[in-house]
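Structure first, then comments.
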Amino acid sequence: MKSHGYAAHDKKSPLVPFNFDRREPGPNDVVVEIAYCGICHSDIHQVRDEWGQSIYPMVPGHEIVGHVTAVGSSVTKFKKGDLAGVGVMVDSCRICENCKAEAQPYCVKGMVGTYNARDYKGELTFGGYSNNIVVDEKYTFTISPKLNLAAVAPLLCAGITTYSPLRHWNVGKGKKVGVVGLGGLGHMGLKFAHSFGAHVVQFTTSESKIEDAKKLGADEVVITKDPSALAKHAGSFDFILDCVSAQHNLNDYLNLLRLDGTLCSVGLPEQPLSIAPFAILANRRSLSGSMIGGMAETQEMLDYCAEHNIVSDIELTSIDKLAEAYERVLKGDVKYRFVIDMATLPVK
Ligand code: NAP
Ligand code: ZN
Ligand code: ZN
């Protein structure tokens, strides 16, 4: 199937228009005409090969929403015209213990990423900075028409990546929870933790975000440049979700955990972060990570958002302004997620 979008051809050049082929839809596939695609910081890490595993040409984008334009003969979940969403993964083996347990991101065979990956036939996958996508219905989500569609797009990565660990560690009423970094992931983590009833403390390097953080649900906001502001919270948190994209000191946050508290890092900085063993030994603390969420949990999150009227705070941008959007994300200057309006993609 003919597709077109924007691609990176190496780690330094700007993204440019790109024509490519997707597989012809099979019996279980849906074809989604993409209306909006979010810009995740992972797109920037991968375009710039900061994780050392980039494959070019790369069409990024894994926060995808749009309308179904065709369905295969065996598809039951969608019909033509329905809204649909696609996130960070488009396939997994389906038979390993993790897939069977609805933990598909941890598929033993390795999940298939929406872009910058090879499917099980060895074909390169291409993401959502494009006009359409072909995905098996099992890896495609239903979207409520109640919500603003553009603002739903970031739920497919930023949403589920924060929802899943908050659920896994039972964040809710009576728990003191920290969110580190008020970016795309952080602002969704803040919204969910608040919605689940926790006492939420937002940590930020940006004084300009204090008022926003409160509006988004923070009970307290801590400016992390001030060591005494951090020290006031020593040993008091049940759970901290670290959403920072760059180098920072994890030990500063580990020290804030109470007995048996957990710091879960979802951020993926380019370089390793160092841990002081004393920071985890004290209070028998745990340090963990978490990767997006399973298919059933992603649908549960989308349904939860529809029920509780939760979407991302977004700034719409056009496909020809990617370079500017990337620069602003890197400066922390986006409130709080860029979403590309795919109507701005030139018609082929
Ligand atoms: P983002 O929108 O750029 O947000 C990152 C935030 O981190 C910034 O807004 C800033 O918040 C803070 N920050 C940036 N540089 C910092 C520094 N040097 N020191 C301290 N804080 C800093 O990025 P995102 O899209 O939310 O993604 C965040 C990270 O999660 C990325 O590394 C991304 O690749 C990763 N990710 C992981 C998964 C997963 O499955 N685990 C999924 C998606 C993304 P303040 O201004 O508030 O300080
Ligand atoms: Zn992402
Ligand atoms: Zn599997």
Here are some conditions: (1) in contact with a helix residue (DSSP H, G or I) (Cβ under 8 Å, 6 or more places away or on another chain); (2) more than 16 Å from ligand 2 (Cβ to nearest atom). Residue 247 meets all but one. Which one does it not meet?
-> (1)
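Determine whether the range 39-48 contains at least one residue that is in contact with a strand residue (DSSP E or B) (Cβ under 7 Å, 6 or more places away or on another chain) and under 17 Å from residue 136 (Cβ atoms).
Residues of the range 39-48 that are in contact with a strand residue (DSSP E or B) (Cβ under 7 Å, 6 or more places away or on another chain), as a first pass: 39, 46-47.
From the residues that got through so far, the ones that are under 17 Å from residue 136 (Cβ atoms) too are none.
The answer is no, given that none of the residues of the range 39-48 is in contact with a strand residue (DSSP E or B) (Cβ under 7 Å, 6 or more places away or on another chain) and under 17 Å from residue 136 (Cβ atoms).
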For the range 301-342, name all the residues that are farther than 28 Å from residue 206 by Cα and either within 16 Å of ligand 3 (Cβ to nearest atom) or free of Cβ contacts under 8 Å to residues at least 24 places away in the same chain (or both).
-> 307
Here, strands (runs of 3 or more DSSP E) confined to the range 50-99 with at least 3 residues that are crowded, with 24+ Cβ neighbours inside 10 Å and out of contact with any Ser or Thr (no Cβ under 7 Å at 6 or more places or on another chain) are 64-71
Would it be correct to say that residue 223 is surrounded by fewer than 19 Cβ atoms within 10 Å (Cβ to Cβ) and in contact with a Ser or Thr (Cβ under 7 Å, 6 or more places away or on another chain)?
-> yes
So which of 345, 268 is within 30 Å of residue 91 (Cα to Cα), within 16 Å of ligand 2 (Cβ to nearest atom) and in contact (Cβ under 8 Å) with a residue 60 or more places away in the chain?
-> 268
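Matching residues to (1) without any contact (Cβ under 8 Å) to a residue 60 or more places away in the chain; (2) of a type outside the set (A, V, I, L, M, F, W, C):
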position	(1), (2)
60	no, yes
65	no, no
69	no, yes
74	yes, yes
98	yes, yes
107	yes, no
113	yes, yes
117	no, no
127	no, yes
All but one of (1) closer than 20 Å to residue 245 by Cβ; (2) away from ligand 2 (no atom under 16 Å from the Cβ) hold for residue 162, so report the exception by its number.
-> (2)
Unmet requirement for residue 98, which otherwise passes all of (1) within 11 Å of ligand 3 (Cβ to nearest atom); (2) in contact with a Leu (Cβ under 8 Å, 6 or more places away or on another chain) = (2)
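With a cut-off of at least 1 residues that are within 14 Å of ligand 1 (Cβ to nearest atom) and either under 25 Å from the mean Cα position of the chain (by Cα) or farther than 27 Å from residue 46 by Cα (or both), name the helices (runs of 4 or more DSSP H) lying wholly within the range 206-293. Before the answer, list the steps.
Details: elements: 210-216, 227-231, 250-254, 277-281.
Output list reads 210-216, 227-231, 250-254.
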All conditions in (1) of a type outside the set (Ser, Thr, Tyr); (2) more than 23 Å from residue 230 (Cβ to Cβ); (3) more than 16 Å from ligand 2 (Cβ to nearest atom); (4) in contact with a Phe, Trp or Tyr (Cβ under 8 Å, 6 or more places away or on another chain) are true of residue 148 except (4)
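Determine which member of the set 334, 339, 329 is within 16 Å of ligand 2 (Cβ to nearest atom), in the same structural domain as residue 65 (by TED's automatic domain parsing) and over 24 Å from residue 248 (Cβ atoms). Spell out how you get there, then give the answer.
Numbers: 334 fails: over 24 Å from residue 248 (Cβ atoms); 329 fails: over 24 Å from residue 248 (Cβ atoms).
Being within 16 Å of ligand 2 (Cβ to nearest atom), in the same structural domain as residue 65 (by TED's automatic domain parsing) and over 24 Å from residue 248 (Cβ atoms) holds for just one of 334, 339, 329, which is 339.
The values are calculated or read from the model by the stated rules, or taken from the named source; none is laboratory data. Please read all numbers here as calculations on a predicted model, not as lab measurements. Using ideal geometry, Cβ is built from the backbone for each residue, glycine included, and neighbour counts are taken over all protein chains shown.
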